[in-house]
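Here's the structure, in structure tokens; my notes come after.
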Amino acid sequence: MPNRATIACLGAGRMGRGIAVAFAYAGHMVTIIDIKTRSAEDFARLEADALGEVSKTFANLAKLGLLTEADVDPLIARVSVVPASQSDAALSDAGIVFEGVPEIVELKRDVLGAASKQVGPDTIIASTTSTILVDDLSGAIVNPRRFLNVHWLNPAYLIPLVEVSPGKATDPGIIEAVKALLEGIGKVPVVCAATPGFIVPRIQALAMNEAARMVEEGVASAEDIDKAIRYGFGFRYAVLGLLEFIDWGGGDILYYASRYLEGALGSDRYRAPEVISRNMRDGRIGLRTGAGFLDYSGMDIDAYRAKRLQAMVDLLRHFDLARPPVLDRN
């Protein structure tokens with residue numbers, strides 16, 4: 001795939017527009033393709049709305065200091081919106097196609113199947129579904145080896161993470177090409193199996209439901225729970241990944257804490273998975289033993305800790321919470 005491959009977005013909704021901004025910002029030409037047959041007047045309204053949102057997004061990014069006001073018009077010029085009747089030409093020029101239509105299996109299969117007949121033989125095709133497994137869609141694709149799911153997190157033009165989920169037929173070379181493309185526009189791709197919820201939605205669904213449950217139970221106010229998330233939960237996990245954090249404190253702490261919470265709250269939703277017990281039996285506690293979920297053998301542990309702590313101090317400064325010590329001057 002060329003470094004500046006032309007991008008096609010199937011569907012002119014929020015996801016297609018966000019992806020268009022991300023790629024146009026990074027130097028790509030992007031075509032947003034309307035999938036519905038409309039009158040000329042209706043399409044003109046859609047086009048104006050889509051380009052208006054793209055323009056507004058770039059203007060906001062300028063206000064946030066990511067570009068200058070003089071950059072806005074040249075960036076908008078990289079994005080075009082075409083009607084369904086012009087999809088053949090738009091798709092034939094695309095290096096990769098991102099499908100972003102509503103989460104309806106048959107609709108996605110119809111749109112993806114038609115597009116796979118219009119693109120070139122080497123064009124990569126990606127769904128952006130947040131709920132549907134890639135192999136529930138791949139059967140509609142001509143040459144499914146070049147098909148996979150690429151799940152963006154909203155807002156797509158800002159959030160670095162993109163979850164790449166291949167299907168059974170996906171060529172490993174396609175996975176690497178998509179990762180390279182995403183890294184080339186400043187994204188951080190991770191590969192995950194085709195499983196419901198992928199990585200982030202699966203974890204955040206548990207966290208969000210638990211936060212809502214605590215409000216329901218009167219544990220704390222919504223404001224205080226969100227404050228706890230911002231300055232405790234989110235603060236730590238902006239520096240340490242969840243599994244890295246288990247290793248940091250020790251898998252044994254999670255094991256015993258999980259047992260207590262399961263009993264005290266009377267719910268097996270706090271039960272630790274078998275891998276926690278297995279790691280304890282195998283001596284994979286974390287940093288203390290040199291291995292846990294991650295391997296720390298041969299690592300300068302003191303330097304590693306210092307680097308992570310420095311990142312936390314930087315976050316304190318970001319939140320304007322880093323204060324000098326109070327010293328007795330008397």
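The values are calculated or read from the model by the stated rules, or taken from the named source; none is laboratory data. Computed from a prediction, not measured in an experiment: that's the story for all the values here. FYI the Cβ positions are ideal-geometry reconstructions off the backbone, even for glycines, and counts take in every protein chain you see.
Results, tabulated for the structure shown:
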| quantity | calculated |
| --- | --- |
| Segment 238-297, subset acidic (Asp, Glu) and within 24 Å of Arg308 (Cα to Cα), residue surrounded by the most Cβ atoms within 10 Å (Cβ to Cβ) | Asp247 |
| Helices (runs of 4 or more DSSP H) completely within segment 1-119 that count 3 or more residues being closer than 24 Å to Thr129 by Cβ | 14-25, 40-63, 87-92, 105-118 |
| Residue under evaluation Asp135, criteria (1) within 23 Å of the chain's Cα centre (by Cα); (2) assigned to a loop (DSSP other than H, G, I, E, B); (3) among the acidic types (Asp, Glu), criterion not met | (2) |
| Residue match in segment 209-231 (condition: touching a Leu at 6+ places or on another chain (Cβ under 7 Å), under 30 Å from Ile301 (Cβ atoms) and not assigned by TED's automatic domain parsing to the domain that holds Pro166) | no |
| Hits in segment 1-21 - residues which are touching a helix residue (DSSP H, G or I) at 6+ places or on another chain (Cβ under 9 Å) and crowded, with 23+ Cβ neighbours inside 10 Å | Ile7, Ala8, Cys9, Leu10, Gly11, Ala12, Gly16, Arg17, Gly18, Ala20, Val21 |
